[in-house]
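Below: the structure, in structure tokens.
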Amino acid sequence: MRPEDLVFATVMLPLLGAAFALCANMFPKGKGADTVEFIGAGIGLLLPLIVLANVFPLVTGGNAIEGVIGSWHEGIGITFSFDGLALLINILGYTVGIAAWIYSLGGGPRGPAFTGIFLIQCAALSATIMTNDLFNLFVCLEIMGMTSYVLIPTSRKAGASLASFSYLMVSASAMVFFLLGTYGLYRLTGSLSFQGIEAGLALLGSTQRILSLACLTLLVSAVAIRVAIMPLYGWLPDAHALSPHAVSAVLSGVLIKTPLFALARILHLLPEGTKIGELMSIAGALTAVVAVVIALSQRDAKRLLAYHSISQIGYIVAAWGMALRWGIDTPEGLACMVGAFLHAFYHALFKGLLFLSVGTTVDVTGERNVYLLRSSIASLKGRGERIPITFIAFVTGALAISAIPPLNGYVSKDLITYSLKGTVHYVLLSIASVGTVASFIKLSRIYWRGTKVAAQASLSTETTPYWPRLVAEVLLSLLCIAGGVASHLIIPVVSDLLAPANVIAIANANLFSTDSLVKTAWTVASGTLLFFAATSRPGSVVLRIVRERPRDFHGLFISFALGTAVLAGYLLI
Amino acid sequence: MNDGKTAWRNIRIFASLVLIGAVMAPIFLSDASWPVTARDYLMAQGQAESGAVNLVSAIYLGYRAFDTLGETIVLLIAVTGTLSLLARVESLVSPGPEDTSSPNAKGFSLSLEKRVSHALRTNLLEEVTGKVGPIVLLFGFYVMLYGHLSPGGGFQGGVIIASGIVFLALGNPYEDKSVLVRPAILGGMENIAFLLFILSAMSGVFLEEGFFGNPLAVSGTPEGFIILMNCIIGMKVGSSLAFMCIVMMGGANHD
């Protein structure tokens, strides 16, 4: 098998698995249908891991496997390029995908249709990150979006369909602008491949510069909606909070990051990429702070987690943008990119873990309100957890997101702040860390002993087994711990995969230095203080104002227009 | 107070339209010359490489077949989503069992017709659609099979086939007569067509042509692959659209 066929198998295997799973629909419900569906899931989720292990030696040291789909001539067919970044994003996607699928066996949704669409989503992720063709990127983003619109309402929660619909409307209109940008760039350069566009734009005279800037602006702001950067985040909290827990984990963990890294692949080829990166990184750092304040004010447990996803994606965008600003072939830029990817990966692990463990807790107790739910450990024990595994999983995730050593969140956040030292982002991200600590103290209260004992939901009637939930939680917890403890092994590998061919990968940074540990102690102390301030009477008044701020549907479109115009203006001057 | 709020909202919406318009204006006003490289290449090589006289099918089933797979997947997901939405709506609004058999149900049928089933249909409708259905099906197959030579192809042919199936369903008063109009059969056909699409897209790998490569590229009849793909897409589009229409007509209840 040729190497380019091997890497493209990461797209085709999940699709084959999805086709198998969907065919399970034709069998009468029972053992036969289940077997076919499980074979499909095995093909779609496990075989790609074997492929990735085989591809690994081929893409280290800045190598990439390039090819044209269908072996057509370059320039007319769809080109793809599988590099270290694509390998890393694939690992991210399949790890969380496997955990979430296992969880869905216990926590729902179940059925061949769910498995099929879930696998199609995995295939779309893989295709998005390796494509080298702008129109193909559009198609992949559409498939990713479509699968989410269908998966979100499968939770059958009140409002889930509306959340999915508002996501659909916002994202579909954004994709129209993406398509317009693609059209403009094709008209200017006569090419759809990233390299062709780069070469075409370099030849253009200054008269066409405005057109190329307008096209780039539309592409970037359409992707920014998908990534949910301030001020384009409005669709995310409802969609992520109301979808089934397993789907929330994938949406928050994987889906919002893939378009960002796919965008980096074209932006780092263009001279405008540095300016776009600079503006996006500032927006990202602001997002991190604003979203954490809103998260702190939330009442619904899963909505609180959803706002944290926005805040954490802010960290990633801040580092990602500075990597583009400095250029990925400089040591500083590379360090930023490694930080951005590691945080994306680790966030996928701990946020997935948090969504699953909090999801189990709210299912068992039947209560989502953080202010009312108490003594959840007792409820979990009532459900048959002799050791409160779900509680331990939650603590692991909460400590990781609050960046407590030696968990993985500490490593990636430290790497980001370390590489951004001396910029305004550093200050903003430090403030965001304090807010993260405070809001997770607030969320952890659902496990505290309280006078208000949560009602036990009648889960005894459910037909699905309980153990797959625990398996998924244990799997992600172990990965969170391993990601922190083995960081000195992981960081060199990641930086070797991300470094361009002629750049020396960064040596291991001293992450567990006294300075960093002291800073962590300060962050925790101020976070605790902030938590007490937030629970005081004036604090809760402020939080209520933040929580009940007016949010409307067309506000999303207005902020999209505003963000696009700001980006265009910034590029022009 | 309320008027002020509305006015302020309208101002904001107007301003955002102006902003977006300003960003998009260069794209619409551009006088850049149209790129010709791809066009000239297709004129010179398209037919020889893909075997299709209709260069449109050479593009969407040859050069950019992967995008086409993406579009069929979008259709597949959209149908799945619509069906699950329909199932939920039906459970909310479906009338009780005594409602459906009511002889006084309001319909389009004439008073003399004395219909025993489907109050919303007429004898005229059933006669015409029942007779036209097979012809429409035949035309759909023509458009699908000749997609590589003349305008048409799997998507267009599939839509015509779907309308043929819907005609057949409308044209017989007892829906169990034709196997083709049973939702379970149509759903199965859709899934099998998707599986076939993936398998035929993978077939090139074993002949060193790569995924989506034409396994017949060196055989002298490369158009065979395009005909095969057109048939699979036609089957997929036809069955999924017909499936959705028949479920919307309430056919699933008779299953």
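Subtracting the Cα-Cα distance of A:Phe38 and A:Ser166 from 0.36 nm times their residue separation leaves 42.8 nm of extension gain. Neighbour counting of Cβ atoms within 10 Å sorts the residues A:Glu385, A:Glu74, A:Glu272, fewest neighbours leading, into A:Glu74, A:Glu272, A:Glu385.
Mean separation of Cα pairs under 8 Å and 6 or more residues apart, divided by the residue count, gives region A:272-535 a relative contact order of 25 percent. Figure legend: label point modelled 7 angstrom from the Cα of B:Val36 along Cα→Cβ; residues of region A:180-207 with amide N under 17 Å from it are A:187-191. Counts of other chain beta carbons within 10 angstrom of each beta carbon in peptide A:170-181 average 1.
The overall shape of the protein assembly as shown is oblate: from the C-alpha gyration tensor, with semi-axes ordered a ≥ b ≥ c, the ratio a/c is 1.5 or greater and a/b is no larger than b/c. Model label points for A:Met1 and A:Trp448, set 7 angstrom from Cα along the Cα-to-Cβ axis, are 5.4 nm apart.
For region A:83-174, the set of trypsin sites (Lys or Arg not before Pro) satisfying both a DSSP loop assignment and a count of at most 14 other C-beta atoms within 10 Å is given as A:Arg156. Only residues of region A:146-175 count here: report those whose backbone N is under 13 Å from the spot 7 Å along Cα→Cβ of A:Arg551, or say none. Within reach of a label on A:Arg551, which here means backbone N under 13 Å from a point 7 Å along Cα→Cβ, region A:146-175 contributes A:160, A:163-164, A:166-167. With contacts taken as Cα pairs under 8 Å at a separation of at least 6 residues, chain A carries a relative contact order of 16 percent. Per-residue Karplus couplings for region B:150-161, computed as 6.51 cos²θ - 1.76 cosθ + 1.60 with θ equal to phi - 60°, are listed in order as 10, x, x, x, x, 5, 5, x, x, 5, 5, 4 Hz, Gly and Pro entered as x. Listed by Cβ neighbour count within 10 Å, with the fewest neighbours leading, A:Arg544, A:Arg445 appear as A:Arg544, A:Arg445. By the beta-carbon count within 10 Å of each Cβ, the least crowded to most crowded order of A:Ile225, B:Ile160, fewest first, is B:Ile160, A:Ile225.
Could you pull out every whole DSSP H run in chain A that spans at least 20 Å of Cα extent along its own axis and averages 1.0 or higher on the Kyte-Doolittle scale?
On the way: long enough: A:3-23 (30 Å, 1.59); A:84-107 (34 Å, 1.50); A:112-130 (27 Å, 1.61); A:134-151 (26 Å, 1.66); A:160-189 (42 Å, 1.20); A:209-227 (27 Å, 1.96); A:273-296 (34 Å, 1.74); A:301-326 (38 Å, 0.52); A:331-365 (49 Å, 1.08); A:424-444 (31 Å, 1.47); A:467-485 (27 Å, 1.58); A:514-535 (32 Å, 0.85); A:553-572 (30 Å, 1.71).
Once both thresholds are applied, what remains is A:3-23, A:84-107, A:112-130, A:134-151, A:160-189, A:209-227, A:273-296, A:331-365, A:424-444, A:467-485, A:553-572.
Estimated at 0.36 nm per residue, the fully extended path between A:Phe532 and A:Leu489 surpasses their Cα-Cα distance by 11.6 nm.
Between A:Ala199 and A:Trp522, the distance separating the two model label sites (each 7 Å from Cα on the Cα→Cβ line) works out to 5.2 nm. Working note: 222 nm ellipticity from helices only, DSSP H runs with n ≥ 4, each -39,500 (n - 2.57), summed and divided by the residues of the protein assembly as shown, gives -23000 deg cm²/dmol to the nearest 500.
Students often check this: by mean Cβ neighbours within 10 Å, which of A:533-543, A:137-147, B:219-229 ranks highest, and how do the rest follow? The partial results should precede the final answer.
Details: A:533-543: 13.5, A:137-147: 24.2, B:219-229: 18.8.
Output ranking for A:533-543, A:137-147, B:219-229: A:137-147, B:219-229, A:533-543.
Descending by average beta-carbon neighbour count within 10 Å, the peptides A:470-476, A:18-24 line up as A:18-24, A:470-476, the highest first. By the gyration tensor of its Cα atoms, with a ≥ b ≥ c the square roots of the eigenvalues, what is the shape of region A:68-187: rounded for a/c under 1.5, prolate for a/b over b/c, or oblate? Because a/c hits 1.5 or more and a/b fails to exceed b/c, region A:68-187 counts as oblate.
Within the set of other residues whose C-beta is less than 14 Å from the C-beta of B:Ala201, count the net charge using Lys and Arg as +1 and Asp and Glu as -1. With Lys, Arg at +1 and Asp, Glu at -1, the net is -2.
At R0 = 41 Å, how high is the FRET efficiency between A:Leu572 and A:Asn63 if r is their beta carbon distance? Nearest 0.05 is fine. Numbers along the way, then the final one.
Details: r = 38 Å, r/R0 = 0.91.
Once the sixth-power term is evaluated, E becomes 0.65.
Spherically averaged projected area of the convex hull of Cα atoms, region A:272-535: 14.5 nm².
The residues packed around B:Gly62, meaning those with a beta-carbon under 14 Å from its beta-carbon, carry a net charge of -3 if Lys and Arg are +1 and Asp and Glu are -1.
Counting only other chains, and only Cβ atoms inside 10 Å, what mean value do you get across the residues of A:557-568?
Values: counts 5, 8, 1, 3, 11, 5, 1, 6, 8, 1, 1, 6.
Taking the mean over all residues of the peptide, I get 5.
The distance between label points at B:Phe14 and A:Ile50 comes to 6.5 nm (points 7 Å beyond Cα on the Cα→Cβ vector).
Enter the mean number of other protein chain beta carbons within 10 Å of the beta carbon of each residue in B:58-68, as an integer.
On the way: counts 0, 1, 0, 1, 4, 8, 11, 5, 14, 8, 1.
Mean shielding count: 5.
Just so you know, all these numbers are worked out from the coordinates, no wet-lab data involved. It should be emphasised that the depicted structure is a prediction, and the values quoted were computed from it without experimental measurement. Neighbour counts are summed over all protein chains in view; Cβ atoms, including those assigned to glycine, are modelled from backbone coordinates with ideal geometry.
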